[in-house]
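Structure record follows, encoded as structure tokens.
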Amino acid sequence: MTHLTTKELAFVEDEIRAEEITAKTMNWCASQCKDQKLRKTLEQMAESHQLKIASLSQYFNQTNHIQ
């Protein structure tokens, strides 16, 4: 199990939030897009960011907090 400092935990949390915002924005853009090819590309990019969120969240949950 990995031990992270408060600063490192805050960084991981910030990365998760950034990925969430990016994925939501791309999904919103895709929903507004009339071009099917571009819509598909945006949806795939959003999915990629959602997978990063899952990976970062799993890493975050497997860590021990140290001071």
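The values are calculated or read from the model by the stated rules, or taken from the named source; none is laboratory data. Treat the numbers as computed from the prediction; the structure is a model and nothing was measured. Every residue, glycine among them, receives a Cβ derived from its backbone with ideal geometry; neighbour counts consider all protein chains shown. Just the protein is used for accessible areas: all its heavy atoms, side chains included, with ligands, DNA and RNA removed. Shrake-Rupley method; radii C 1.70, N 1.55, O 1.52, S 1.80 Å.
Students often forget the sequence filter, so: which lysines lie under 26 Å Cα-Cα from LYS37 once same-chain residues fewer than 8 apart are removed?
Cross-link targets: LYS24, LYS52.
Restricting things to Cα coordinates, could you compute the convex hull volume per residue of the chain in Å³?
55 Å³
Add +1 for every Lys or Arg and -1 for every Asp or Glu among the other residues with Cβ under 15 Å from the Cβ of LYS7, and state the total.
Residues near LYS7 contribute -4 overall.
What angle do you read, to the nearest 10 degrees and between 0 and 90, between the alpha-carbon axis of helix 36-61 and the longest principal axis of the chain?
Between the helix axis and the principal axis of the chain, the angle is about 10 degrees.
Any idea of the accessible area per residue across the chain, 1.4 Å probe, to the nearest Å²?
76 Å²
Between the helical axis of 6-32 and the dominant principal axis of the chain, each derived from Cα atoms, what acute angle in degrees is found, rounded to the nearest 10?
Taking Cα atoms only, the helix is inclined about 10 degrees.
Just subtract the alpha-carbon distance of VAL12 and LYS34 from 0.36 nm times their residue separation and send over the number in nm, one decimal.
4.4 nm
For CYS33, what residues show an amide H to amide H distance below 5 Å, using hydrogens built from the backbone and excluding near sequence neighbours?
Answer set, sorted by chain and number: none.
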